[in-house]
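The structure under discussion appears below in the form of C-alpha cells.
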C-alpha cells in the first residue's frame, strides 16, 4: 500500500444494517423537497410560519437527528453523543 494511504475499515453486519437504515430514512422522507421548498419561500420573503410549517420543520429536525444517529452508529459511535 502506498505511503499515506489508509486502509478502509471493513464494515460489520451491524454497521451495514445501520447504514441501510440511514439510507432508508433518507429514501422515505420528503425531507429534501420540503426543506428546498421552505428555503425558496424564505429567499423571496414568502415563508409564512403557520402551525403546518412549524410541524414540517419539527419533522425535518427529527428526521435529520434519526439519520445522524444511524450514521454515527454505523461509524462506531455507539453512545450517540454529539461529538
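Structure above, values below:
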quantity: Residue count for segment 8-29, restricted to those that are over 19 Å from residue 61 (Cβ atoms) and surrounded by 15 or more Cβ atoms within 10 Å (Cβ to Cβ); calculated: 3
quantity: Output for segment 30-53, where each listed residue is exposed (fewer than 12 other Cβ atoms within 10 Å of the Cβ) and more than 19 Å from the chain's Cα centre (by Cα); calculated: 40, 42, 43, 44, 45, 46, 48, 49, 50, 51, 52
quantity: Pairs with Cβ under 6 Å, 6+ apart, first in segment 19-38 and modelled with pLDDT of 75 or more, second part of a helix (DSSP H, G or I) and surrounded by fewer than 16 Cβ atoms within 10 Å (Cβ to Cβ); calculated: 25/66
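The values are calculated or read from the model by the stated rules, or taken from the named source; none is laboratory data. Here the structure is a predicted model, which means the values were calculated and not measured. Glycine gets a Cβ as well: all are built from the backbone with ideal geometry, and neighbour counts include every protein chain shown.
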